[in-house]
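What follows is a set of notes on a single structure, which appears directly below.
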Amino acid sequence: MDTTTVNISLTWLDWAIIFLYMAVMIAIGFFFRKKQRSFEDYFLASKGLTMPLMIGTLVSTFFGLDTLFGTSEIGFFEGVTGFFAYALPYTGLYLIMAYLAPRFRQLESNTFTDIIGDNYGKFARAISACSSFFYSINTMEIMGMGFIFTMLFKIPYWLGVLAAALIVVIYTSTGGLWAVAVTDMFQFTIMTVTLGIALLVCWSDLGGYDGIFSGLAAYLGEDPWYFFSPSGGYLTAGVIAAYALTSLAVLCEPAFLHRIFASRTPREVRRALLISTPIWSAYEFACCMLGLAAAAAVGLGVIGEPHANQALMAVVARYLPPGLIGLFLAGVLAAAMSTADSYFLVSSGNLVYDLYRPLFRPHLSEEKLVAYSKRAVVVSAVVSVALSFYFERIMGVWVFQASIIINTVLIPLYAAVFAKKRLKSRLGGSLAVATGFFGTIAYYLLITTAGRFSEEWETMVLPLTIGGRTVELWQEYGIFLIPPFVLLAFIIGNLCGKKESPERAKEAL
Amino acid sequence: MNGWDVGVYAAAAALIILPLGVFYLYLREIARRVKENDWGRTPPPTL
């Protein structure tokens, strides 16, 4: 994300709001410092999250900077297709989850890896915990927070990354999920309300649909009809279906499942998801329309040509009054921090609760489990920060992360929760997670080492000649190519493995 | 005002009204929790 051209002038009121926001986040962490006696208190907020807290933490966690800047970037270039083709499939899955999620909560597990371990054994649990850890390394948010700090305080990028990560680590490691959920609640309110106000002000001031349509015509120098076409004038049903497949990550998203296990009752989960869905949709729609409005604003000469991923910031900075700009920037920071804190916490659970304790210290006391989890939050942050300096192409990391969690976890987890009576042997689950996990790593290694970077498609591509015909394998195809093998491995293992009841697998843990 | 204007204003209204409503419910709950010091802690083991 290039932030060098966005120039935002802040008043003392804006600065006061930004500093107040950061101070409140840290204070909340310290408030909850002494409130945990057990791992369940620390990691799952004592399984006491009620509907409002669930809504706040779910919405804020799933909408980070990728939505804010990514969806608005698509809106800037392609118009409403950013919402209809890319974001709407997620809305459908959130609604489906509203009916699936209560079943997970009824199981009384602490993590989804508990379910996998109970049904398929230690090996499957360890591998699925590794995939969850890989998924939860939130390099994207760390980089985003670093850029925002760099832009606000005119400090070097590395210092921005460290400062932002430090604030999140302080309140997450000290306060656990209670601190994360309560800070998420503030972050959720700030990021949604400021975005709603920004959309209202920008859209009205640019003259509504008519004014924006003329602005887009001036920007493009031609009829901008495709900006208001749901398919963008070029997307086919097949391409849209392919994008929809990537949204399957929602079904096995570690932080999503973490919140479900932390909710007070299955009913609270369903109500929270049903209320969150229209907020998620409105948020995506607002980001997309603000990107589109930015393109119109350039055409009308209201703002200069911004870098595409800064379109939203550029138009908002132009229209919001002092005070609200500070609140909006706090909202942008909130979007990043609320996502980062959740994944730090989830990945600390993967390291200590899912890997260290079952494999090396089965009799670890609750006190030590909490203490080690707090340290593991720091470890997760260090890994994320280190990777944020290492990777230049963040999109490639995200595609790998989404692929590894879907390929490793989706089939065995849903089989264990929804088709438990059909499980004959734990070998099926073990083979499935191993095929998904190692298959994904092997596929990405192959594409990144033997393939080349396509400037046209901006992704890694491996051309293969089969029977005189050249086929291009993209790194994104791992999400489509590997699941059939995972399913096959699951079926073969389930049918041919040693017959064993899930209770025995649980005992083996 | 056409359909897109209506959609945009509806989305903006949803982004302002729904979260504020949720935040109100949260404040009510958190006020009660602070008053009763109820953070759902697991009770300490009895002797």
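Just so you know, all these numbers are worked out from the coordinates, no wet-lab data involved. If you're wondering where the values come from, they're calculated on a predicted model, not measured in any experiment. Cβ: placed from backbone, ideal geometry, glycine included. Neighbour counts: every protein chain shown.
Highest average first, the peptides A:217-230, A:481-494 ordered by how many other beta carbon atoms sit within 10 Å of their residues are A:481-494, A:217-230. In percent, rounded to a whole number, the relative contact order of chain A is 29, using alpha-carbon pairs under 8 Å and six or more apart.
Tell me, what is the percent relative contact order of the stretch A:296-449, built from C-alpha pairs under 8 Å that lie six or more residues apart? It comes to 15 percent, rounded to a whole number. Among the residues of A:190-197, the average count of other protein chain beta-carbon atoms within 10 Å of the residue beta-carbon is 5. Legend: distances between Cα atoms for A:Lys35/A:Lys122; A:Lys154/A:Lys374; A:Lys421/A:Lys498; pairs beyond 20 Å are A:Lys35/A:Lys122; A:Lys154/A:Lys374. With the helix formula -39500 (n - 2.57) applied to DSSP H stretches of n ≥ 4, chain A reaches a computed 222 nm mean residue ellipticity of -23500 deg cm²/dmol.
Inter-chain neighbour count for B:1-10: the average number of beta-carbon atoms from partner chains within 10 Å of each residue's beta-carbon is 6.
Here the ratio of the Cα radius of gyration of the protein assembly as shown to 2.2 N^0.38 Å is 0.97. Put the Cα centre of the stretch A:406-483 next to the Cα centre of the stretch A:253-325 and the gap is 31 Å.
Taking the longest Cα principal axis of chain A as reference, the axis of helix A:157-205 is set at about 40 degrees. Peptides A:91-99, A:182-190, B:27-35 ranked from most to least packed by the mean count of surrounding Cβ atoms within 10 Å: A:182-190, A:91-99, B:27-35.
Taking packing as the residue-averaged number of other Cβ atoms within 10 angstrom, the listed peptides A:277-283, A:208-214, A:340-346 run from highest to lowest as A:340-346, A:277-283, A:208-214. Of the trypsin sites (Lys or Arg not before Pro) in the stretch A:23-92, the ones in a loop by DSSP (not H, G, I, E or B) with at most 10 other beta carbons within 10 Å are A:Lys34. Peptide A:180-189 shows a mean partner chain C-beta count of 2 within 10 Å per residue C-beta.
Relative to the longest principal axis of the Cα atoms of chain A, the long axis of helix A:266-299 makes an angle of roughly 30 degrees.
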